[in-house]
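The block underneath contains the structure these notes are about, expressed in structure tokens.
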Amino acid sequence: MAGVASLNALTLRASAAPSTPRGGSGAALALPTPPRLRSLRAVRRRVRARAAAAASGDPEDEWGPEPEGASAATAAAAVAEAPAPEASEVAELKARLKEALRGTERGLRASSETRAEVVELIAQLEARNPTPAPTEALTLLNGKWILAYTSFSQLFPLLGSGRLPELVKVEEISQTIDSENFTVQNCIKFSGPLATTSVSTNAKFEITSPKRVQIKFEEGVIGTPQLTDSIVLPQKFELFGQNIDLSPLKGIFSSIENAASSVAKTISGQPPLKVPIQTNNAESWLLTTYLDEELRISRGDGSSIFVLLKEGSTLLN
């Protein structure tokens, strides 16, 4: 019996052991070793390490970036709301230009220091021109532009009439561009104690390059004088260094105002006087070196500079 028991035990051991095929190795049929499970302590250490790296903002965090969440969305919104560096620079330059032009009377009374500052600001703006081809952006060119500054010396004698602001004053110099009909109107408005009037020129323009237009003047127009509501006289004004008292003349000017009123009614009904321009010098050119929704900088004959502001722009305030 003991022998039978020993034989049975040997048989069971042999059947339990894996068989090795002929010519093969036992490793071919070996079962893979099951993965070791991390202990709870190791998992906790890993979680604490990852949290510390995230809190310190470590760029070398081996665990990789945190999933996108509320903090990432907030940062993206802040970046979207922040103005582009160049846009903020342009806004600052335009604000500085506006301040530099204050009190210069379109350049007439600008000192040499102010002119140098204006030229420098213009150069910086031109380097940041958002419209490289202005003649291809006719919708931006279109509309009424108010002259804020010029270095065009031929305008200075005209602007100099403002030296007697109580009597004759240049109210506005503007340029109106109609991009659909390719026309330009330059207009100067005058005002005086009795009436206001305007003198303008009408011209056609032709695009010759992405920045340049050729202008051909066709006619001059003298507007019909419009009587002011009342004659406003200063108490006194300065003429050739002498202060002249006008208060004794108020009664006389009241009579003149009544007579002028009836004359003005007759004149106001008349059409503007148009004068054809047929001289050989009736052409000019204009190079636009900066253009956006509210500011235009142009250069013309004789290295002249024109700074114009779009009607309605906050830069006019």
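The values are calculated or read from the model by the stated rules, or taken from the named source; none is laboratory data. Fair warning: this is a prediction, and the values are worked out from it, not measured in the lab. When we count neighbours, we look across all protein chains shown, and the Cβ atoms used for this are built from the backbone with ideal geometry, even at glycine. Ligands, DNA and RNA are excluded from the accessible area calculation, which covers all protein heavy atoms including side chains. Shrake-Rupley method; radii C 1.70, N 1.55, O 1.52, S 1.80 Å.
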In terms of modelled amide H atoms, which long-range or inter-chain residues lie less than 5 Å from the amide H of SER151? ILE305
Please work out how much accessible surface LEU273 shows to a 1.4 Å probe, ignoring ligands, DNA and RNA, in Å² rounded to 10. 100
Can you give the local net charge around ASN281? Use residues other than it whose beta-carbon is closer than 13 angstrom to its beta-carbon, Lys and Arg +1, Asp and Glu -1. -1
When you count, for each residue, the other Cβ atoms within 10 Å and take the mean per peptide, how do 112-120, 97-105 rank with the highest first? 97-105, 112-120
